[in-house]
Structures are given as structure tokens and as C-alpha cells.
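Participant: Can you read through this structure? Questions will come right after.
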Amino acid sequence: MRIVVNPPQGATVQRRGGNSKPVRGQRTTELKARKAQTANTSIAGRDELLDQRTRERDEALEQLAATSGVLRVISRSTFDLQAVFDTLVESAARLCRADRASIRLGRDGFFHHVANYGYTAEQHQYMNEHPIPAKPDQGSVVGRVLSAGKTVQIEDTKADPEFRVTNVPGFENVHTTLGVPLLREGKPIGMLVLMRGFVEAFTDKQIELVETFAAQAVVAIENTRLLNELRERTDDLSESLEQQTATSEVLKVISSSASDLQTVFDTMVENAVRLCEAERGYIFRFDGKLLRAVASYNVGPENWEFVHSNPIAPGRHSISARVALERRTVQVPDVQADPEYAYVIRDVEPIRTVLSVPMLKGDDLVGTITVNKLEVKPFTDKQVALVETFAAQAVIAIENMRLLSELRESLQQQTATADVLKVISRSTFDLGTVLQTLVESAARLCDADRTNITRQKDGVFFRAEAYGFSPEFMEYVRNIPIQPDRGSGFGRALLERRAVHIPDVKADPEYTLVEGQILGDYRTVLAVPMLREGVVTGVLSLTRSEVRPFSEKQIDLATTFADQAAIAMENVRLFQSVEARTRELAASLENLRTTQDRLVQTQKLASLGQLTAGIAHEIKNPLNFVNNFSGVSTELIDELQDALKGLPIDQKARAEITELTDTLRGNLDKVVQHGKRADAIVKNMLLHSREGSGEHRPVDINAIVEESLNLAYHGARAEKQGFNITLERSLDPTAGEVDVFPQDITRVLLNLISNGFYAATKRKTHAANDGYEPTLSASTRSLGDQVEIRIRDNGTGILPEVKEKMFNPFFTTKPAGEGTGLGLSISHDIIVKQHGGAIDVDSKPGVYTEFRIILPRRSATVGKAGGLG
């Protein structure tokens, strides 16, 4: 509390910068008076402040005690929310000097009365029977709190024109009212209301206290809700854990008792009864017509004997019968009150509630699981779902058992088949061993007492390999030919070309091999023909001593064995035939392959030779004319000079004529000289086309490379004026000699070098003045039994898509008239096919191209290469 002291009358207060100053005596008197006044005022203020602080302390302690009490109640009454509410309304009313206090909670669109303090029994009953609608309005404190969304105080309801007078008995004199919302996530879930029968507004501290109580009420409500949910969840988890444990136990039994279905059923029905809080349980299997009991739990001997001995037909007379009829889960709360229930078991023991669940595989009924209670107590949805889970697991167990049985049977059959195939593969020429293994396997897997195979001998069928027959029987039938007729199983299979099954030969009027039946001691016969492309090559026969027909699966298996026997017999025939043919072909195969390659190469080279010869002949005629007319022109010049001698011509003109004729004579001499050189080239072309590739002989590989470089270089310079390129050589002195056709290898090198010149010249044209210098390098290297030749240029390079097709005939990237597309193709054939070497290329577009040739020192080709003419 701040104490304010006022200055006495007539005194002058000095201020900073002022000019008024009191005299010393007056100032002393004033100070004494002020001290006395201040002392009296301070004593009175301190007493008043002390009393106020004491009241505030007591009030705070009382509120703290009440709050602590409420918190203790909340902590101790976890599931007793009513005790918390009662403590809250009592504490709020007492601490805030209210006549009445109540708590209302929202539910179903209304605020319901749940706790009060200061209410009479009549008022309490009225409030319980008349909940307040949860809608904002100004006629009640509840409606105003909902409208404002916060605490609302009405100081005097009688003076408030909008406030509706309440109908609660005894509430006529309510004046001051306080409504505090119970907020959860900003939304009111309830309300704490305080009322006074007199007009006196609640203080801020009282309102703050009531809001604290409201917050504690929300905490208590939320705690109770969460704990209730936790308890329910715990109960659900406990029940679920128990059910999962039982399910796991059943699955464990299914997995560990794959061949013991009874153990699975016993475990399943026991768990179903225990977890569903039932007294009895049964499992029935459906055989297509009736439900037969196969397992039970907690059923007496007499009861079990009756149920086991009296299978149930689908119908309405029992719950299991209804399930078999309707293929769905059926529960009857009280079978004693069911007018349709007529199963006698109802009279044996007082069963009441019955649940039956179908075991379904798709739409097919496998059986039912039925559980009974001796009191009227319907099964819960969770219990029904659990039994349905057990039913599904039972179907899985039954299906597993069926599949396991089929798998074992199939595995046995596959093992036997594999054994027979293994024998077939290992005993290609030992047909007897193969067929003997086959008849033994067929007898074992088809559950036959005896088996026998017939096969051809000189076009006639005789019995051969056998199993289980006595020596006397085999001696009797071994040399008896079998004819296609209906008097025996063998004969019918040969006649009809299909499997023949005779369940009882004594009851078959057409069966006439009576003596064989007596000696063979058989009644049931299965005969399966061994077919190859529709032709019967033999018959597999299986017999049984007693009348016991073979099943469809056994007939199919016997048919498989017959097919394997036919395969084995055909394999032997084919192998013998192929072996003879292989020996005939083996000797000529290598020669044929070599001849084929040589023919292809010869054809290509012959085509090139024909082209060369044709060109040479075409050039020969005009070349002869050039040479001949050059000689005649020389003679005419001599005659012209002789004719001019007698003419009167001055000296100067004669000198000019002489100079011109001499020049013309010199030109004609050069024409004759080059004509003779061209004539020699044409003669060599014709000679080359007639003589072929020349002699296959050892040559110095470095000399061939050097000669090819020179020929290509001078030829390029003669063909194109101004051509120039730098030639680099790196020839291995140890490269030595290689056994080749020199002319063909020279042709290859000239082609590769010329291509390099072309690429370098093309790049030079495009490079302009960037300092590019055309260069071509040739190198050789000894590789022991082989020799390597590399031709590299720094020209335009080769694109990847071109590189893939560059050795194909007639493929070229040169413009029309500059290439035929045969050079690289022929080069490839000369190196690879003619000399048994290899040629490949490495290139980087715009940088370089390098051809690499590998030649064996001893060529695989012997003799002359194919001619070009």
C-alpha cells in the first residue's frame, strides 16, 4: 500500500531553477510540524495495512487449502469423478460466499446437472430432470457463457431485463450469478455455476478461484476419461492377447503336426470353448452329404458316442445343419426356445446358446465348428470372429494335409521319373537296363504286382522286360508273338492305340488269354501303348492279382512311363543312326568349311579380277591409238621439215619453224614415253587378272610395308597435283618374314594407306590455316608366332555408326565416283579368311584412325589363292 503525504499550507517548496527561498526560522518550524504529522499518519496506515495483509494471507491460505484438498481428491479418486465434483462445488461455494453451486456437463446437445451444493432434494431432482439446451442465448447464465465463450457474471438477475426467471423451486430470490465454463481445447464441455441470494458481485480473486476450480474439474474429467479408455484398452488387449496366444498355439500345432490332423482339431476346439466362455465344443467334417463329428471338448462319453454315431444332414433341425445348409455363421441365443431346433442332443443335456461357424474352401463346405453354452448368454462379436478365425485355420490345416499327401505322392512319382530319365541318359546303348528300371518303377508307384513290356523284333511284338512274373510264365509267353486283337490287354492296346483298362479279366467276355492269366496269376490288367508319332513301338502292361482297378492318377503315371519307354527306344535308334551319320560327316566337315570360305573369297576376288580385266581391255584400245598416232606424228614432222627445205623462207622464219617442230617432236616423244609406261601398267593388270594372287611364299613384312608406302605416296602425288603428307615409319627389325600371298597383302596395305591419305587430305581442306599437318604412320611389331601391322592417320576419323558397317560390301562414305565400297570388304576377307589373321580399327572422330592387322607367320591356307580372272 502506497502512502501519500500532502505538503502543509503556506510552505514554500524549492524547485530547481526557482528564486523563492524561505527564512531559516520559518523553515525549521515547518519541518517540525511535518515530522509530527507524518509520524501520526504512518502509525495509522501501518495498522490498516497489517490488517489487510493478514486478511489477504488468511484468504489465500484458505484458498490454497481448498485447492490442495481438491487436488488430493482428484489424485485419490481416479475413477470416482462424482467425489471430485462434490468437493469442487462445496469448496467453491464456501470460499466465494455463495449460497449454491452446481456443475453441469454437456452431453447429447444439453447441459446435464451432475453435482451441486446448497440444493434441496426437490431442487436436485428438478435439475436432474430438466437439462439446459446447449445453445447460446441471453436468457440464462449457461446461454450467456456459451455466447461469450468465457466467464460471465450477472450482478442482479432481477434487474437484468433479458434474464429469464427460473422455474426451479426456491430459486425466486437468486440475485448475483457467476458462470465459469469448463474448457477443453477451447470448447466448453461443462459449466460451474455459483449463485447468491443477495446482490453482491463476486470479486476478481473469487472469479479467479472459481476458474481454477473449473480447470481442475476439466483435468479430473480428462484424467477419468483417459484412465477409463486405458482400462478398456487394457481389457481389450488382455482379451486380444489371450486370443492371439490361442491362435498362435493352434498355428504351432498346425505347423508341427502336418500329418496329424486330429491333434490340430483337438487343440482348436479346446481353445474355441475356453476363449468363448462356452462349456462344449465340436468339430464336424462334411463328406458332401453329411456332417460327421471328428473332434470334441468337454463332452461326455455317451454324448460323444451319440454325436459320432449320428451324422447330421443339412437342414433346419440343428444349428450345424443350418450352417451346412446356408454356408454362413449361425448363432441361436436359446435353442430351447427355437421352434425349428429338433436335434435330440437338446434332450440329452440342457444346452441353451449355440454358435456354429462354417469351414469354407471358396464356396465349398469343409465342415463346421460348433460351441455350446449351458446358459442363455449370447457370444460376443469378438468371440464369433475368433471361432471364424479357427474355422479358417482348420481349412488351412485340412488343405495342408491334402497338399502334403499329394506332394508326397507327386514327389515319389517325380523321383521315380527322374531315376528313369537318369538311367535313360546314362545308358544310351543299354536299352534293356533302361526298360528294366522302368517296369520296376511303374510297378512300385502304380501299386501293381507285376509289369511287362513288349517290343518289336523283326517287325513282330514279343514280351521282353518284366517284373514280378514267375520264370515259368515268362518262359511260356516269351516266344508267343502278340497280335493286335481283343483277346489280351497287349492286343487291345496295339489295336486301339490307347490305354486299355480291364478291371477283371475273368469277367471280360472278350479276354481269351486264359492260360496266360492262370500262369501269370492276375485279375486286373492295365495296358498302355508306347507311341512314336502315332505308331505303336511297344506296350507297357501292369497287373494285379486281385480285382482292384487302377485309379486315374495311376493310369496317367503308367502312361508317362510308357512315353518314357518310347523315348528311350527312340533315343537308341536315333543315336545309332546319328552316330553312323556323324562318322560319315566328321571326315568332310573341316574340308567343307575350308572350301566354303575359299569359294566365297574366290568369288569375291574373281569378281574383282573380272572388273580389272575389263577396265584393262577398255584402256588398251585408246592407249594403242595414242601410241600409234604419236609415232606417226613424229614421222610427219620429219616429212614437214624435208618439204620446207626447198621453200624460199627467210632465216628468221625458218629458225622459228625449226624451234616449233623440235618442240612438237619433244612433246610427242614424252607422249610415247608415258604411253609405253601406261601400256606396261595395263599389261601388268591383265597379267595379274590371269595369274591370280601369285605365289604363297615367305616375304619380309617390313619390305612389303615400305614398298606399299612408296607406291601409295607416288600414286597419290601423280593423281592429285599438290598432294603432300608426312610419312612416319616405325618398323620392327625383328618382324622378319611372314608366309603370305604378297600381292594380296600389298593390295590390303595400299587400300588402307590410300584411305588414310584421303582422310588426312579431307581434314586439311576443312582445317584451313589452323596449323594442321597431314601425317600417316606405319609400324610393324613381332608378336612371336604372329606379326602386327599398324596404319594410322590423323585425318577425319570414323563415326561409331560407320565403324560398325565399314567392312560390309559396297558400304562407303565417299562421294559418288570416288569409292566402290569393296576395298575394306576385300581387305577383311584377304586378312581373315585367306590368311587366318585379324583386322580391327580404332578411331576417334576428328582426331585419328588406326587399322591393326595381325598375320600368323604360317598361314593356314596352302597353295594358290583364287584367281581374279
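Participant: What ³J(HN,Hα) values, in whole Hz, does the Karplus curve 6.51 cos²θ - 1.76 cosθ + 1.60 give for region 721-731 when θ = phi - 60°, with x put for Gly and Pro?
Facilitator: 5, x, 5, 7, 7, 8, 9, 10, 10, 9, 9
Participant: Just by accessible area at a 1.4 angstrom probe, what is the order of 855, 81, 183 from largest to smallest? Each step should come with its number before you reach the end.
Facilitator: Details: 855 5, 81 35, 183 75 Å².
Descending order: 183, 81, 855.
Participant: Simple spin-label model, 7 Å along Cα-to-Cβ: residue 380 to residue 773 in nm?
Facilitator: Between residue 380 and residue 773, the label points sit 10.0 nm apart.
Participant: Amide H of residue 796: which non-local residues (sequence gap of 5 or more, or other chain) have their own amide H closer than 5 Å, using H built in the peptide plane?
Facilitator: Counting only residues 5 or more places away or on other chains, the set is 760, 763.
Participant: What residues have an amide H closer than 5 Å to that of residue 110, excluding those fewer than 5 places away on the same chain, when H is modeled at 1.01 Å from N in the peptide plane?
Facilitator: HN-HN under 5 Å from residue 110: 134.
Participant: How far, in nm, would the chain grow between residue 510 and residue 479 when pulled straight, counting 0.36 nm per residue and subtracting the alpha carbon separation? If you can, show how the numbers build up before the last one.
Facilitator: Details: separation 31, 0.36 × 31 = 11.16 nm, distance 2.26 nm.
This chain segment gains 8.9 nm when fully extended.
Participant: Next question. Highest first, please rank the peptides 666-675, 699-708 by the mean number of other Cβ atoms sitting within 10 Å of their residues.
Facilitator: Numbers: 666-675: 14.1, 699-708: 18.5.
Highest-to-lowest ranking by the protection proxy: 699-708, 666-675.
Participant: Another question about this same structure. In nm, to one decimal, how far is the modelled label at residue 108 from the one at residue 858, with both set 7 Å along Cα→Cβ?
Facilitator: Between residue 108 and residue 858, the simple spin-label model gives 11.2 nm.
Participant: Just subtract the alpha-carbon distance of residue 638 and residue 97 from 0.36 nm times their residue separation and send over the number in nm, one decimal. Walk me through the intermediate numbers first.
Facilitator: Numbers: separation 541, 0.36 × 541 = 194.76 nm, distance 16.25 nm.
Net length gain for the segment: 178.5 nm.
Participant: Explain nothing, just compute: Karplus ³J(HN,Hα) = 6.51 cos²θ - 1.76 cosθ + 1.60, θ = phi - 60°, for every residue of region 388-403 in order, whole Hz, x for Gly and Pro.
Facilitator: Karplus values, whole Hz, x for Gly and Pro: 5, 5, 4, 5, 5, 5, 4, 4, 4, 5, 5, 5, 4, 4, 5, 5.
Participant: Multiply the residue separation of residue 628 and residue 122 by 0.36 nm, subtract the distance between their alpha-carbon atoms, and state the gained length in nm to one decimal.
Facilitator: On the way: separation 506, 0.36 × 506 = 182.16 nm, distance 15.56 nm.
Net length gain for the segment: 166.6 nm.
Participant: Hey, how many Å between the Cα centroid of region 479-499 and the Cα centroid of region 699-750?
Facilitator: 82 Å
Participant: Sticking with this structure for a sec: Give the calculated FRET efficiency between residue 546 and residue 582 to the nearest 0.05, with a Förster radius of 51 Å applied to their Cβ-Cβ distance. Numbers along the way, then the final one.
Facilitator: Working: r = 51 Å, r/R0 = 1.00.
Once rounded, the FRET efficiency stands at 0.50.
Participant: Continuing with this model, one more query. Using a basic spin-label model with each label point 7 Å from the Cα along Cα→Cβ, how many nm lie between residue 840 and residue 706?
Facilitator: Label-label distance for residue 840 and residue 706, simple model: 3.1 nm.
Participant: Taking 51 Å as R0, compute the FRET efficiency from the Cβ-Cβ separation of residue 403 and residue 430 and round it to 0.05.
Facilitator: 0.85
Participant: Could you list which residues have their amide H under 5 Å from that of residue 729, counting only those 5 or more apart in sequence or on another chain, with H placed in the peptide plane?
Facilitator: Correct list: 778.
Participant: Taking the highest mean first, how do the peptides 87-96, 551-560 order by number of other beta carbon atoms within 10 angstrom per residue?
Facilitator: Values: 87-96: 21.9, 551-560: 16.6.
Taking the mean over residues of other Cβ atoms within 10 Å, the ranking is 87-96, 551-560.
Participant: In addition: Could you tell me the calculated FRET efficiency between residue 650 and residue 673, based on Cβ-Cβ distance and R0 = 25 angstrom, to the nearest 0.05?
Facilitator: Numbers: r = 35 Å, r/R0 = 1.39.
Taking R0 as 25 Å, the efficiency between residue 650 and residue 673 is 0.10.
Participant: Separate question: Could you order peptides 146-154, 825-833 by the average number of other Cβ atoms within 10 Å of their residues, highest first?
Facilitator: On the way: 146-154: 16.7, 825-833: 20.6.
My ranking of the peptides, most packed first, is 825-833, 146-154.
Participant: Got a sec to turn the phi values of region 787-803 into Karplus ³J(HN,Hα) couplings, 6.51 cos²θ - 1.76 cosθ + 1.60 with θ = phi - 60°, whole Hz, x for Gly and Pro?
Facilitator: Once θ is set to phi - 60°, the couplings for region 787-803 become 10, 10, 10, 10, 10, 10, 10, 9, x, 6, x, 10, 6, x, 5, 6, 4 Hz.
Participant: Under a 1.4 angstrom probe, counting protein chains only, how are 113, 130, 175 ranked by accessible area, largest first?
Facilitator: Values: 113 20, 130 85, 175 40 Å².
So the residues, ranked largest to smallest area, are 130, 175, 113.
The values are calculated or read from the model by the stated rules, or taken from the named source; none is laboratory data. Here the structure is a predicted model, which is why all the values come from computation and not from measurement. Backbone-built Cβ (ideal geometry, glycine too); neighbour counts: all protein chains shown. All accessible areas refer to the heavy atoms of the entire protein, side chains included, with ligands and DNA or RNA removed. Shrake-Rupley method; radii C 1.70, N 1.55, O 1.52, S 1.80 Å.
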